[in-house]
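This report concerns only the one structure given below.
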Amino acid sequence: MKKNNRTGMSLIVKNTVRMVEGFIFLFGIYLTLYGHISPASGFSGGIVLGCVFILMTIAFGKNVILESFGKTPAYIFNCSAALLFLVLGCCGILFGGFFSNFLEKIFPSANFRLFSAGLLPIYNIIIAVNIGTGLFMVFIILAVRRVIEIDGTRRLISTEFFDNFKEKN
């Protein structure tokens with residue numbers, strides 16, 4: 001992702017974000033993958049992953065982030081994760097009940113093996129993607145909206161309107 005130096009915050013903030021964004025992202029992945037054996041889960045991992053994109057948006061400016069990962073890809077990831085969560089839950093009906101651990105029935109294994117946690121790690125990953133992209137979408141939608149007064153009434157408009165207006169004039 002090309003990070004423009006003209007928009008966003010100061011050079012010190014941008015360099016600091018460049019140094020820590022990978023570590024924070026890895027911490028979010030760690031929380032997600034080890035959620036089934038620790039107090040963290042997909043929700044807390046998704047919050048951390050979403051905050052990485054929010055931090056990048058604040059540091060580099062919304063236009064830089066919207067060029068590489070905007071509202072539409074975040075919406076697609078969010079909806080796909082929710083649909084996949086529902087499909088995996090419904091697949092359990094074939095093997096005993098809603099959200100049943102059907103991996104254990106297909107691949108029986110002992111404790112401390114790859115499939116010993118069943119579907120919990122997969123559910124944690126799906127929830128992390130859903131929560132992270134949802135949080136990022138809410139932030140981006142709030143970041144590109146602005147209230148202005150037109151003819152005595154207050155209206156909520158997109159700042160993309162101002163960007164297009166400035167380009168025309």
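Can you find, within the stretch 103-138, the residue that is modelled with the lowest pLDDT among those that are crowded, with 19+ Cβ neighbours inside 10 Å and not in a helix (DSSP H, G or I)? Among residues in the stretch 103-138 that are crowded, with 19+ Cβ neighbours inside 10 Å and not in a helix (DSSP H, G or I), the one modelled with the lowest pLDDT is 117.
Residues checked against (1) under 20 Å from residue 117 (Cα atoms); (2) hydroxyl-bearing (Ser, Thr, Tyr); (3) over 15 Å from the mean Cα position of the chain (by Cα):
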residue: 9; (1), (2), (3): no, no, yes
residue: 13; (1), (2), (3): no, no, yes
residue: 16; (1), (2), (3): no, yes, yes
residue: 20; (1), (2), (3): no, no, yes
residue: 24; (1), (2), (3): no, no, no
residue: 36; (1), (2), (3): yes, no, yes
residue: 41; (1), (2), (3): yes, yes, no
residue: 48; (1), (2), (3): no, no, no
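Residues in the stretch 57-82 that are among the aliphatic types (A, V, I, L, M), touching a helix residue (DSSP H, G or I) at 6+ places or on another chain (Cβ under 6 Å) and crowded, with 17+ Cβ neighbours inside 10 Å were compared, and the one that is modelled with the lowest pLDDT is 65.
Listed by first and then second residue, the pairs linking a residue in the stretch 7-32 that is charged (D, E, K, R) to a residue that is surrounded by 13 or more Cβ atoms within 10 Å (Cβ to Cβ), with Cβ atoms under 8 Å apart and 6 or more places separating them unless they lie on different chains, are 14/3; 14/8; 14/59; 14/60; 18/3; 21/52; 21/55; 21/56. Pairing each residue of the stretch 74-93 that is among the aromatic types (Phe, Trp, Tyr) with any residue that is surrounded by 18 or more Cβ atoms within 10 Å (Cβ to Cβ), provided the two are 6+ apart or on different chains, yields C-beta distances under 6 Å for 77/129; 77/133; 85/126.
Rundown of residues vs (1) under 19 Å from residue 85 (Cβ atoms); (2) part of a helix (DSSP H, G or I), yes/no style:
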site: 9; (1), (2): no, no
site: 15; (1), (2): no, yes
site: 32; (1), (2): yes, yes
site: 40; (1), (2): yes, no
site: 53; (1), (2): no, yes
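For the stretch 92-99, indicate whether the set of residues that are under 17 Å from residue 125 (Cα atoms), assigned to a helix (DSSP H, G or I) and of a type in the set (A, V, I, L, M, F, W, C) is non-empty. No - not one qualifying residue is present in the stretch 92-99. Each residue in the stretch 143-163 was checked for being modelled with pLDDT under 70 and loosely packed, with under 10 Cβ neighbours inside 10 Å, and 1 of them qualify.
The values are calculated or read from the model by the stated rules, or taken from the named source; none is laboratory data. For clarity, every value in this text was computed on a predicted model and none was experimentally measured. Note: ideal-geometry Cβ built from the backbone for every residue, glycine included; neighbour counts use all protein chains shown.
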